[in-house]
Amino acid sequence: MTRIALQLNGVRRSLDVEPRELLLDVLRERIGLTGAKRSCDVQVCGTCTVLVDGQPVSSCTYLAVEADGREVTTIEGFREDPAFERIAGAFTRHAATQCGFCTPAMVLTVHALLRDGELTDEGSIRDGLAGNLCRCTGYRGILDAVAELASEGTGG
Ligand code: FES
Ligand code: FES
């Protein structure tokens, strides 16, 4: 076991992890934060996305030991961020969720991309969200919601 310490959703946590233990498993199975979802398990679908030091990562292929000393934000923590309501509102207005399985990860990715000014037109939105798949294929609503957010130009 290796002792790691991280800032998780704004709270300092330390815990012992196996060197091979994945961040997704630690979050879901040991801490009970189930917003990040396991689907493909091979860094393709993006449903397991969390923010590490503000950047989206696939927690299904990210070792928990790599999070040592870093700041990890899950959708549960992001709910406390003022940007959450703005993004959630746009997703709701544009019916951008169906089953919702992909949505927590999608929201975190959109937040990071908006904050970094990387969403300027539909092409950049499509590129930016290419790593977040929606199995309900509700992409039109998602694209419209994110386009509305990007047009507001106030960051994620
Ligand atoms: S479950 Fe991690 S990218 Fe698909
Ligand atoms: S809303 Fe169902 S997977 Fe995206």
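The values are calculated or read from the model by the stated rules, or taken from the named source; none is laboratory data. Values in this document were obtained by computation on a predicted structure and should not be read as measured data. Cβ atoms come from the backbone with ideal geometry, glycine included; neighbour counts cover every protein chain shown.
Only one of these conditions is not met by VAL50: (1) in the same structural domain as ARG12 (by TED's automatic domain parsing); (2) part of a helix (DSSP H, G or I); (3) not polar (S, T, N, Q). Which number is it?
Going through the list (1) in the same structural domain as ARG12 (by TED's automatic domain parsing); (2) part of a helix (DSSP H, G or I); (3) not polar (S, T, N, Q), VAL50 breaks only (2).
In region 102-127, which residues are under 12 Å from the mean Cα position of the chain (by Cα) and either within 16 Å of ligand 2 (Cβ to nearest atom) or in a loop (DSSP other than H, G, I, E, B) (or both)? Write out each step before concluding.
Step one: of region 102-127, the residues under 12 Å from the mean Cα position of the chain (by Cα) are 102-113.
Selection gives CYS102, THR103, PRO104, ALA105, MET106, VAL107, LEU108, THR109, VAL110.
So that you can scan it fast, the table gives a plain yes or no per residue for (1) touching a helix residue (DSSP H, G or I) at 6+ places or on another chain (Cβ under 7 Å); (2) at pLDDT below 95:
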{"site": "GLU71", "(1), (2)": "no, no"}
{"site": "GLY77", "(1), (2)": "no, no"}
{"site": "GLU80", "(1), (2)": "no, no"}
{"site": "PHE84", "(1), (2)": "yes, no"}
{"site": "ALA112", "(1), (2)": "no, no"}
{"site": "GLU122", "(1), (2)": "yes, yes"}
{"site": "LEU149", "(1), (2)": "yes, no"}
{"site": "THR154", "(1), (2)": "no, yes"}
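Could you check how many residues of region 48-100 are within 16 Å of ligand 2 (Cβ to nearest atom) and aliphatic (A, V, I, L, M)?
6
Looking at ALA96, ALA130, can you tell me which residue is closer than 18 Å to GLY35 by Cα, outside any helix (DSSP H, G or I) and hydrophobic (A, V, I, L, M, F, W, C)?
Result: ALA96 is the single residue among ALA96, ALA130 that is closer than 18 Å to GLY35 by Cα, outside any helix (DSSP H, G or I) and hydrophobic (A, V, I, L, M, F, W, C).
Take the residues in region 133-156 that are under 21 Å from PHE84 (Cβ atoms) and outside any helix (DSSP H, G or I); name whichever of them is nearest to ligand 2 (Cβ to nearest atom).
The extreme case among them is CYS134.
Just need a number here: residues in region 10-26 that are surrounded by 20 or more Cβ atoms within 10 Å (Cβ to Cβ) and outside any strand (DSSP E or B).
Filtering region 10-26 down to residues surrounded by 20 or more Cβ atoms within 10 Å (Cβ to Cβ) leaves 17, 22-24, 26.
Next, from what is left, pick out any that are outside any strand (DSSP E or B): 23-24, 26.
The total comes to 3.
Sort out which residues of region 52-69 are in contact with a helix residue (DSSP H, G or I) (Cβ under 7 Å, 6 or more places away or on another chain), closer than 19 Å to HIS111 by Cα and crowded, with 23+ Cβ neighbours inside 10 Å, and write them in order of number.
Selection gives SER59 alone.
Only one residue in ALA88, ALA5 is part of a strand (DSSP E or B) and either among the acidic types (Asp, Glu) or modelled with pLDDT of 95 or more (or both), so which one is that? I'd like the intermediate steps shown before the answer.
Numbers: ALA88 fails: part of a strand (DSSP E or B).
Of ALA88, ALA5, the one residue that is part of a strand (DSSP E or B) and either among the acidic types (Asp, Glu) or modelled with pLDDT of 95 or more (or both) is ALA5.
So GLU29 fits all but one of (1) surrounded by fewer than 16 Cβ atoms within 10 Å (Cβ to Cβ); (2) modelled with pLDDT of 95 or more; (3) in contact with a Gly (Cβ under 8 Å, 6 or more places away or on another chain); what number is the exception?
It is condition (3) that GLU29 fails.
Might you check whether a residue that is away from ligand 2 (no atom under 16 Å from the Cβ) and within 12 Å of the chain's Cα centre (by Cα) occurs anywhere in region 29-46?
No: zero hits.
Quick check, is THR97 away from ligand 1 (no atom under 16 Å from the Cβ), of a type in the set (Val, Ile, Thr) and farther than 20 Å from THR47 by Cα? Let's see the steps before the verdict.
On the way: away from ligand 1 (no atom under 16 Å from the Cβ): yes; of a type in the set (Val, Ile, Thr): yes; farther than 20 Å from THR47 by Cα: no.
Criteria not met by THR97.
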